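*Asks:* I'd like to ask some things about the structure below.
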Amino acid sequence: MNLDLWKKTKRERNLTYQDIAKQSGIPLGTIKNIFAGYTPDPRESTIRAIEQALGVETHLIHVYHNNALSLSPNEQ
């Protein structure tokens with residue numbers, strides 16, 4: 001989850017929290033709490049839904065990097 005990117009994308013696309021909530025299916029209060037930093041570790045499904053609503057895919061990059069870090073030296 002890259003909250004700075006989410007906030008930048010929200011501004012650039014002139015989205016409201018209500019827009020993101022509607023497009024993601026996540027309750028408005030949850031969206032506000034995540035963007036305010038009150039929910040620093042939301043569920044994976046929530047992250048994916050918000051990123052889809054914003055049109056960003058940082059979660060997929062995060063998963064890739066986590067998997068890449070678990071490779072053995074021979075695999076890297």
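*Asks:* How far apart, in nm, are two points set 7 Å out from the Cα along the Cα-to-Cβ line at residue 43 and at residue 18?
*Replies:* The modelled label-to-label distance comes out at 2.5 nm.
*Asks:* How many nm is it between the label spots at residue 36 and residue 2, if each spot is 7 Å from the Cα in line with the beta carbon?
*Replies:* 2.6
*Asks:* Right, here's the next one. Under a 1.4 angstrom probe, counting protein chains only, how are 10, 22, 32 ranked by accessible area, largest first?
*Replies:* From most accessible down to least: 22, 32, 10.
*Asks:* For 12, 51, give me the order by solvent-accessible area with a 1.4 Å probe, most accessible first, ignoring ligands, DNA and RNA.
*Replies:* Output order, biggest surface exposure first: 12, 51.
The values are calculated or read from the model by the stated rules, or taken from the named source; none is laboratory data. Predicted, not measured: the structure shown is a model, and the values here were computed from it. No Cβ is skipped: glycine too gets one built from the backbone with ideal geometry, and neighbour counts run over all protein chains shown. Accessible surface areas use protein heavy atoms only, side chains included; no ligands, DNA or RNA. Shrake-Rupley method; radii C 1.70, N 1.55, O 1.52, S 1.80 Å.
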